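Undergrad: One structure follows; several queries about it will come next.
The values are calculated or read from the model by the stated rules, or taken from the named source; none is laboratory data. Quantities reported herein were computed from a predicted structural model and do not represent experimental measurements. Cβ coordinates were reconstructed from backbone atoms using ideal geometry, including for glycine residues, and neighbour counts include every protein chain displayed.
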Number of protein chains: 2
Amino acid sequence: MPAKKMDIEQWLNKFKRIEEKLKRLALLSQLSQILNSTLDPKEIRRRAMEAATQLMKAEAGSLLLVNEEKRHLYFEVALSEREEDIKTIFLNFGEGIAGWVAQHGKPLIVNSPEKDVRFFKGVDERTEFKTRNIICVPVRVKEKIIGVLEAINKKGKRRFNKEDLSLFTSLADQVAIALDNSRLYHELEEMFFQTAESLAEAIEKRDPHTGGHTKRVTLYSQAIAKYLHLDPSETKWVKITSVLHDIGKIGIEDDILKKPEELSPEEFDIIKRHSTIGAEIIEPVRQLKEVIPGVKYHHEQVDGNGYPDGLRGEDIPMLAKIVAVSDTYDAMTMDRPYRKAKDKKVAIEELKRCSGTQLDEEVVEAFIQAYQNGEI
Amino acid sequence: MPAKKMDIEQWLNKFKRIEEKLKRLALLSQLSQILNSTLDPKEIRRRAMEAATQLMKAEAGSLLLVNEEKRHLYFEVALSEREEDIKTIFLNFGEGIAGWVAQHGKPLIVNSPEKDVRFFKGVDERTEFKTRNIICVPVRVKEKIIGVLEAINKKGKRRFNKEDLSLFTSLADQVAIALDNSRLYHELEEMFFQTAESLAEAIEKRDPHTGGHTKRVTLYSQAIAKYLHLDPSETKWVKITSVLHDIGKIGIEDDILKKPEELSPEEFDIIKRHSTIGAEIIEPVRQLKEVIPGVKYHHEQVDGNGYPDGLRGEDIPMLAKIVAVSDTYDAMTMDRPYRKAKDKKVAIEELKRCSGTQLDEEVVEAFIQAYQNGEI
């Protein structure tokens, strides 16, 4: 019964293929969960690369993103041994396989790149990577091509086929969704920061002595955060606290805030209210709970001689201690109507002198590191 | 060859099952794309219901969400003929199948609910829906149970099995990711609105005549947006414009802003600058491009007698015309140092009188509708 035997063999093959497909679909589902469970764009891009490599059983995978303005594609990351090299490569629209896919919006399998006129040898030449075959699909958000996902060199000397293409297209769709959600999130985050910054700056502008103060304090504090090795979420709070630290000045009347002469002790007592008023302004915003103490206590001193509560050392929240150093440095290095700005070097010496009494030692140390590395 | 025949039959069955599984995995991948391609929580919940029904081949599906504070689960939506009924049902932690799953964090299949002590007949009784069998899995975000996904009555009088459970768990994971991304997005959105509102209110407070003005204008404008049938994205811009419309007052000096007497024409000319100053403050925020004209032109009049540019009719942006009506109504119905507040009814008559000259007719009409329906 040779016919029957053939049948069984055919069945077995079909069965194997389908079982293999099942595994890959389960993997796709898993990869899609991994892709969507972060809103960090850098992380999504990294996961997309890895997913492409894994799902296509390829030697390398990469995600090229469209730069609309410059009309080119750029390699964001690429999982290969010479990652740094690949990072610097740009492709014009229409150039290379990826450029062709981005331009035409059609997926492509090229199993003999050396014979394909569209293949761009530049990347291989610069990376010493030998492209044997390549599968490349467009990444689309609402009909718009935002990038190209590709996998290079199917392992086991095999070729990319139709089934790969179908799976890879599904993966590209998931990558598109993850990237788009992340884009929406970061647009909103930027809107938040920039609106807060613009309003804080407008509030600051009432005080004629302090042009650009909020912006500079925010930059200094972020540099401090970096050298304190704070994590991204803490760094975000540092940024928000810095932006909002002086908003309480809105509650100080013109005749005191704008007084060109040095203030009397009574007038200075009124100015001192700004940190508490600032904290009160943001008090109703549940999501800003973390930054309220930073705003309220940015004029406290580690020796207990600050205001409003005369807190000491460890009782002063870290966010407040960071803003205090940035604030002090900016006050010293900017002109005031009643005194000239100090030279940067002199101001640094002054920070060192105040370290441990007025200012937190660790924070001053981080500030000085940032200064020495030219970041301030 | 009976043995061989058996083999083939077994193979055929196995093959059929695996092919069926393949289809369902492909469906899962599709459903996960659908779930993740929106950040609107209501829409995600609706899609989760539908996905549960479709993937489980069930008669109904539902998503129950945990209310931490009240320690209960609530039906957000349910795809059945008596949707309204189901919407009002709450289950305590531990009550019913879903309550058990939420409490124990373990998935459950109940193929004979009438024999299961955990089964809660209340829902069936109130909905006249007969539960034959039920599959129920926890929805988890980072180890925390945020809800329960369930499907009821497998179609074709079949029972839920292990394979269903594995697929349904994967779906619940995707639902969890989609809900969590949406939650993060809306937390950020709320932070934006509340921070902008708090800062705008602080700015407004300098003017002693206008307590709560920004908040009321924002409420009125949103009511107008509803009766103009604006879509959610337009309504969002209405809200932002309303919150920010008077921030330019930050640029007006105390002696004019806080003057208790009626202003001289020269002083009023200075006050008039606030709309342009407001537009300038938000000008650097790319994401607020849409609202700049609304802020700048909220004192224009359709007859061309407004400021700053004397725009007429259709040349005035819709956002500005909406804020103008809210602003005018609030000015009339609040006390000023130099005149008493008008009665609501009188103010409405006044709006009608100004409709078509000072104010846009369509916007006034929408305002009046909202007023008549008790929403203002």
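Undergrad: Any residue at all in segment B:169-182 that's closer than 30 Å to B:ALA341 by Cβ and touching an Asp or Glu at 6+ places or on another chain (Cβ under 9 Å)? Before the answer, list the steps.
TA: Residues of segment B:169-182 closer than 30 Å to B:ALA341 by Cβ: none.
Within segment B:169-182, none of the residues are closer than 30 Å to B:ALA341 by Cβ and touching an Asp or Glu at 6+ places or on another chain (Cβ under 9 Å).
Undergrad: Return the residue satisfying two criteria in turn: it lies in segment A:178-209 and is in a loop (DSSP other than H, G, I, E, B) and within 14 Å of chain B (Cβ to nearest Cβ), and of such residues it is modelled with the lowest pLDDT. I'd like the intermediate steps shown before the answer.
TA: Just the residues of segment A:178-209 that are in a loop (DSSP other than H, G, I, E, B), to begin with: A:206-209.
Add one more test, that the residue is within 14 Å of chain B (Cβ to nearest Cβ), and what stays is A:206-208.
Working: A:ARG206: 84, A:ASP207: 80, A:PRO208: 75.
Here the answer is A:PRO208.
Undergrad: In addition: Can you list residue pairs whose Cβ atoms sit under 6 Å apart, with the first residue in segment A:274-302 being more than 16 Å from A:LYS239 (Cα to Cα) and the second being hydroxyl-bearing (Ser, Thr, Tyr)? Count only pairs 6 or more apart in sequence or on different chains.
TA: Final answer for the pair search is A:ILE281/B:SER198; A:PRO284/B:SER198; A:VAL285/B:THR195; A:VAL285/B:SER198; A:HIS299/A:SER275; A:HIS299/A:TYR307.
Undergrad: Moving on to the next point. For the subset of segment B:185-202 comprising residues that are surrounded by 20 or more Cβ atoms within 10 Å (Cβ to Cβ) and among the polar types (S, T, N, Q), which member is nearest to A:ILE281 (Cα to Cα)?
TA: For segment B:185-202, the residue satisfying everything is B:SER198.
Undergrad: Has segment B:276-284 got any residue that is of a type in the set (A, V, I, L, M), surrounded by fewer than 21 Cβ atoms within 10 Å (Cβ to Cβ) and within 29 Å of the chain's Cα centre (by Cα)?
TA: Looking for residues that are of a type in the set (A, V, I, L, M), surrounded by fewer than 21 Cβ atoms within 10 Å (Cβ to Cβ) and within 29 Å of the chain's Cα centre (by Cα), one finds none in segment B:276-284, hence no.
Undergrad: Another question, if that's okay. Give segment A:117-131 a look and list any residue that's surrounded by 15 or more Cβ atoms within 10 Å (Cβ to Cβ) and either in contact (Cβ under 8 Å) with a residue 12 or more places away in the chain or outside the structural domain of A:PHE93 (by TED's automatic domain parsing) (or both), or say none.
TA: Residues of segment A:117-131 that are surrounded by 15 or more Cβ atoms within 10 Å (Cβ to Cβ), as a first pass: A:118-120, A:123-124, A:127, A:129, A:131.
Matches in segment A:117-131: A:ARG118, A:PHE119, A:PHE120, A:VAL123, A:THR127, A:PHE129, A:THR131.
Undergrad: Looking only at segment B:160-174, count how many residues are surrounded by fewer than 13 Cβ atoms within 10 Å (Cβ to Cβ) and more than 14 Å from chain A (Cβ to nearest Cβ).
TA: 2
Undergrad: Out of the residues in segment B:210-231 that are buried (at least 17 other Cβ atoms within 10 Å of the Cβ) and not in a helix (DSSP H, G or I), state the one that is nearest to the other protein chains (Cβ to nearest Cβ).
TA: Ranking the candidates gives B:THR210 first.
Undergrad: Confirm whether A:LYS70 is at pLDDT below 90, more than 14 Å from chain B (Cβ to nearest Cβ) and either over 25 Å from B:LEU22 (Cβ atoms) or buried (at least 19 other Cβ atoms within 10 Å of the Cβ) (or both). Don't jump to the end; show me each part of the working.
TA: On the way: at pLDDT below 90: yes; more than 14 Å from chain B (Cβ to nearest Cβ): yes; either over 25 Å from B:LEU22 (Cβ atoms) or buried (at least 19 other Cβ atoms within 10 Å of the Cβ) (or both): yes.
Yes, satisfied.
Undergrad: If you don't mind, another one. Can you name the number of the only condition in (1) part of a helix (DSSP H, G or I); (2) surrounded by 19 or more Cβ atoms within 10 Å (Cβ to Cβ) that A:ALA151 fails?
TA: (1)
Undergrad: Could you list, in sequence order, all residues of segment A:124-144 that are at pLDDT 85 or above and among the polar types (S, T, N, Q)?
TA: Residues satisfying the conditions are A:THR131, A:ASN133.
Undergrad: Here are some conditions: (1) touching a Leu at 6+ places or on another chain (Cβ under 8 Å); (2) surrounded by fewer than 21 Cβ atoms within 10 Å (Cβ to Cβ); (3) within 30 Å of B:VAL141 (Cα to Cα). B:ASP207 meets all but one. Which one does it not meet?
TA: Failing condition for B:ASP207: (3).
Undergrad: So which of B:PRO293, B:PRO308 is more than 30 Å from the chain's Cα centre (by Cα), modelled with pLDDT of 95 or more and away from chain A (no Cβ under 14 Å)? Steps first, please.
TA: Working: B:PRO293 fails: more than 30 Å from the chain's Cα centre (by Cα).
Only one candidate qualifies: B:PRO308.
Undergrad: Could I ask something else about it? Anything in segment A:88-112 that is in contact with a strand residue (DSSP E or B) (Cβ under 6 Å, 6 or more places away or on another chain) and modelled with pLDDT under 85? List them, or say none.
TA: Keep residues of segment A:88-112 that are in contact with a strand residue (DSSP E or B) (Cβ under 6 Å, 6 or more places away or on another chain), which gives A:89-92, A:97-99, A:101-102, A:105, A:107-110.
Once the filter is applied, which keeps residues that are in contact with a strand residue (DSSP E or B) (Cβ under 6 Å, 6 or more places away or on another chain) and modelled with pLDDT under 85, segment A:88-112 yields A:ILE89, A:PHE90, A:LEU91, A:ASN92.
Undergrad: Exactly one of these conditions fails for B:MET334: (1) at pLDDT 95 or above; (2) under 21 Å from B:ILE247 (Cβ atoms); (3) not hydroxyl-bearing (Ser, Thr, Tyr). Give me its number.
TA: (1)
Undergrad: Check whether at least one residue in segment A:224-235 is in the same structural domain as A:MET332 (by TED's automatic domain parsing), closer than 24 Å to A:LYS249 by Cβ and at pLDDT 95 or above, and report yes or no. Spell out how you get there, then give the answer.
TA: Step one: filter segment A:224-235 for residues in the same structural domain as A:MET332 (by TED's automatic domain parsing), giving A:224-235.
Next, from what is left, pick out any that are closer than 24 Å to A:LYS249 by Cβ: A:224-225.
Now drop any that are not at pLDDT 95 or above, which leaves A:224-225.
Yes, segment A:224-235 contains at least one residue that is in the same structural domain as A:MET332 (by TED's automatic domain parsing), closer than 24 Å to A:LYS249 by Cβ and at pLDDT 95 or above.
Undergrad: Looking for something more than 14 Å from chain B (Cβ to nearest Cβ), in contact with a Gly (Cβ under 6 Å, 6 or more places away or on another chain) and within 25 Å of A:THR38 (Cβ to Cβ) - is there at least one such residue anywhere in segment A:116-125? Break it down into steps so the answer makes sense when it comes.
TA: From segment A:116-125, those more than 14 Å from chain B (Cβ to nearest Cβ) are A:116-125; that's our starting set.
Those still in the list that are in contact with a Gly (Cβ under 6 Å, 6 or more places away or on another chain) too: A:120.
This time we only want the ones that are within 25 Å of A:THR38 (Cβ to Cβ), so: none.
No, there is no match, as no residue in segment A:116-125 is more than 14 Å from chain B (Cβ to nearest Cβ), in contact with a Gly (Cβ under 6 Å, 6 or more places away or on another chain) and within 25 Å of A:THR38 (Cβ to Cβ).
Undergrad: Provide a single number: the residues in segment A:42-77 that are part of a loop (DSSP other than H, G, I, E, B) and either of a type in the set (Val, Ile, Thr) or under 17 Å from A:PRO138 (Cα atoms) (or both). Break it down into steps so the answer makes sense when it comes.
TA: If we filter segment A:42-77 for residues that are part of a loop (DSSP other than H, G, I, E, B), which is where we start, we get A:56-57, A:68-71.
Restricting the remaining residues to those that are either of a type in the set (Val, Ile, Thr) or under 17 Å from A:PRO138 (Cα atoms) (or both) gives A:56, A:68, A:71.
Looking only at that region, the number is 3.
Undergrad: Answer yes or no as to whether B:SER29 is touching a helix residue (DSSP H, G or I) at 6+ places or on another chain (Cβ under 7 Å), outside any helix (DSSP H, G or I) and either at pLDDT 85 or above or within 14 Å of another protein chain (Cβ to nearest Cβ) (or both).
TA: Values: touching a helix residue (DSSP H, G or I) at 6+ places or on another chain (Cβ under 7 Å): yes; outside any helix (DSSP H, G or I): no; either at pLDDT 85 or above or within 14 Å of another protein chain (Cβ to nearest Cβ) (or both): yes.
Considered against the rule, which asks whether it is touching a helix residue (DSSP H, G or I) at 6+ places or on another chain (Cβ under 7 Å), outside any helix (DSSP H, G or I) and either at pLDDT 85 or above or within 14 Å of another protein chain (Cβ to nearest Cβ) (or both), B:SER29 comes out as no.
Undergrad: Taking segment A:9-45 as the search range and keeping residues that are of a type in the set (Val, Ile, Thr) and under 28 Å from the mean Cα position of the chain (by Cα), which one is nearest to B:ASP173 (Cα to Cα)? Before the answer, list the steps.
TA: Pass one, segment A:9-45, residues of a type in the set (Val, Ile, Thr): A:18, A:34, A:38, A:44.
Now restrict to residues that are under 28 Å from the mean Cα position of the chain (by Cα): A:34, A:38, A:44.
Details: A:ILE34: 11, A:THR38: 14, A:ILE44: 18 Å.
Residue satisfying both the conditions and the ranking: A:ILE34.
Undergrad: Still on this structure, please answer the following. Here is a list of conditions, (1) at the interface with chain A (Cβ under 8 Å from one of its Cβ atoms); (2) under 27 Å from A:LEU184 (Cβ atoms); (3) at pLDDT below 95, and B:ASP255 meets all of them except one; can you say which number that is?
TA: Result: B:ASP255 fails condition (2) only.
Undergrad: Among the listed residues A:ARG353, A:ARG336, identify the single one that is in the same structural domain as A:LEU228 (by TED's automatic domain parsing), more than 21 Å from A:HIS213 (Cβ to Cβ), among the basic types (Lys, Arg) and surrounded by fewer than 19 Cβ atoms within 10 Å (Cβ to Cβ). Walk me through how you get there before you give the answer.
TA: Numbers: A:ARG336 fails: more than 21 Å from A:HIS213 (Cβ to Cβ).
Just one listed residue meets the conditions, A:ARG353.
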